[in-house]
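The values are calculated or read from the model by the stated rules, or taken from the named source; none is laboratory data. The structure displayed is predicted, hence computed values, not measured ones. All Cβ positions, even for glycine, are placed from backbone atoms using ideal geometry, and neighbour counts span all protein chains on display. What goes into the accessible areas is simple: the full protein's heavy atoms, side chains included, and nothing from ligands, DNA or RNA. Shrake-Rupley method; radii C 1.70, N 1.55, O 1.52, S 1.80 Å.
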Amino acid sequence: MNAAEERLVILKKFLAHVRARLGLDVGFVFWDGSTVPADLAPGALAISIADEGVIAALLRRPNGETLGNLWVTERLDIRNGSLLDLGRMRPKVRTRQFRRTVDKGILLRTLFKFLLVSRGGPWPLEDTPNERPSDGTPAENKRNIGYHYDVSNAFYALWLDQEMVYTCGYFTDWDNDIDRVQQDKLEMICRKLRLKSGETLLDIGCGWGALSCYAAQRYGVSAYAVTLSEQQVAYGQEKIKRLGLSERVRMEVRDYSTVEGMFDKVASIGLQEHIGIDNYPKYYQTVQRVLKQDGLFLHHAITRPAKRDDRGFRRKRPEFALLTKYIFPGGELDHVGNTVAMMERSGFEVHDVEAWREHYQRTCKQWHDRLLANYAAAVREVGSVKTRMWLVYLAACCIAFERNTVGLYQTLASKRRRGPSGLPPTRTDLYR
């Protein structure tokens with residue numbers, strides 16, 4: 001038996017031990033075609049390991065960045081399932097208990113055997129700049145937005161709905177498809193804002209312009225839509241022209257904080273996640289500045305649960321730091337308590353707060369499944385590294401919403417004033 005064969009034997013013993021200790025019903029397939037367990041069924045969910053450098057890399061740096069590089073280069077892969085299938089297989093023991101009871105002898109023997117093995121390559125994510133909070137300037141905002149949204153309109157079209165809506169859908173029935181839930185979401189936003197014909201709508205962080213076009217068509221408003229994505233604006237302007245909405249919808253590349261004018265209604269659907277916690281005052285002050293005295297403001301944003309203090313809340317978990325580094329540079333999440341507090345400090349009256357966490361879990365699952373179904377086309381459009389990274393991101397978001405480690409809230413507010421708010425006495429009109 002040569003050295004490489006000896007390494008594989010000890011690795012199999014180690015992974016069999018880990019598999020048993022964690023109680024995971026997932027197998028392993030190695031570079032020579034052998035498996036753990038040895039009688040692994042052909043259709044069983046399994047992790048595929050392409051070469052022994054994968055093991056060397058993981059033993060030397062067992063962290064998310066190593067896993068990310070190995071995944072996007074297909075040196076680690078999943079057979080007979082998806083990342084969502086793997087994510088649902090929760091270990092039967094906690095990590096702390098596993099660390100206490102794992103066989104240290106076999107762990108050390110495995111580490112020793114692979115210590116000098118080359119980690120191999122490639123490592124395409126290693127040149128990604130370190131993640132940091134946004135400074136809030138229009139220039140940095142534009143760089144961050146361009147990184148994520150200017151990937152390719154054709155790529156996003158492979159897995160978004162027909163209107164290219166890239167925020168949480170609204171499920172009036174849990175079995176509805178992506179096109180229906182996004183139409184229902186656009187309708188709910190318009191109802192919450194109580195849009196009326198002839199009103200003006202400011203749509204900040206407008207994406208590909210779906211809300212502005214929908215509101216103009218269905219509710220007769222004049223909409224001004226802004227985003228920092230060049231490709232989104234190119235798509236949106238063509239759509240506006242195609243739909244004959246040029247007189248009622250204007251869309252352009254502009255930072256939200258530089259918008260001028262006054263508007264009856266303001267919609268911010270998924271913008272706050274990009275601007276950074278330190279820049280929240282500017283965000284709310286901007287909306288306060290452009291919203292008419294009797295107007296309404298709908299704020300829609302992903303959140304994290306509050307911690308015992310602000311310092312603890314600002315400390316990022318490693319997995320979230322990876323998400324902002326590789327997917328959403330400059331991104332940070334609020335907690336809903338701070339959202340409400342900052343709205344009130346900024347001169348708003350909060351009328352409604354609605355949780356959509358479970359809606360977003362299902363939205364992300366549909367996006368993930370659609371991208372996976374169109375995997376070959378996505379690779380042709382943006383390459384395998386980008387496609388596989390987006391699959392990880394969508395699966396991770398789906399799992400996070402399912403496990404309630406992140407949430408989604410819609411918050412409706414108006415400028416604080418004396419006397420009646422102008423809203424109806426109940427919310428039955430929203431759900432007619």
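Against the criterion of being touching a strand residue (DSSP E or B) at 6+ places or on another chain (Cβ under 6 Å) and in contact (Cβ under 8 Å) with a residue 40 or more places away in the chain, Tyr214 does not qualify. For the stretch 93-137, a tally of residues being part of a loop (DSSP other than H, G, I, E, B) and surrounded by 12 or more Cβ atoms within 10 Å (Cβ to Cβ) returns 18.
Between Arg417, Arg403, the distinction of being surrounded by fewer than 14 Cβ atoms within 10 Å (Cβ to Cβ) and within 23 Å of Glu358 (Cα to Cα) belongs to Arg403 only. Gln366 falls short on exactly one of the conditions (1) touching a strand residue (DSSP E or B) at 6+ places or on another chain (Cβ under 7 Å); (2) among the polar types (S, T, N, Q); (3) open to solvent by 40 Å² or more (accessible area, probe 1.4 Å), and that condition is (1). Checked against the criterion of being open to solvent by less than 20 Å² (accessible area, probe 1.4 Å), assigned to a loop (DSSP other than H, G, I, E, B) and farther than 24 Å from Arg191 by Cβ, the stretch 268-290 has at least one qualifying residue. Among the residues of the stretch 41-61, none qualifies, meaning not one is under 24 Å from the mean Cα position of the chain (by Cα), surrounded by 13 or more Cβ atoms within 10 Å (Cβ to Cβ), of a type outside the set (S, T, N, Q) and within 20 Å of Leu323 (Cα to Cα).
Please enumerate the residues belonging to the stretch 329-358 that are assigned to a loop (DSSP other than H, G, I, E, B) and either of a type in the set (S, T, N, Q) or open to solvent by 40 Å² or more (accessible area, probe 1.4 Å) (or both). Outline the logic, then answer.
Of the residues in the stretch 329-358, the ones assigned to a loop (DSSP other than H, G, I, E, B) are 329-333, 335, 346-347, 356.
Answer for the stretch 329-358, where residues must be assigned to a loop (DSSP other than H, G, I, E, B) and either of a type in the set (S, T, N, Q) or open to solvent by 40 Å² or more (accessible area, probe 1.4 Å) (or both): just Ser346.
State whether the residues of the stretch 179-188 include one that is within 28 Å of Pro138 (Cα to Cα) and open to solvent by less than 10 Å² (accessible area, probe 1.4 Å).
Of the stretch 179-188, the ones within 28 Å of Pro138 (Cα to Cα) are 186.
From what's left, open to solvent by less than 10 Å² (accessible area, probe 1.4 Å): 186.
For the stretch 179-188, residues within 28 Å of Pro138 (Cα to Cα) and open to solvent by less than 10 Å² (accessible area, probe 1.4 Å): present.
Screening Leu430 with (1) farther than 28 Å from Ala157 by Cβ; (2) in a strand (DSSP E or B); (3) touching a helix residue (DSSP H, G or I) at 6+ places or on another chain (Cβ under 6 Å) gives one miss only, at (2).
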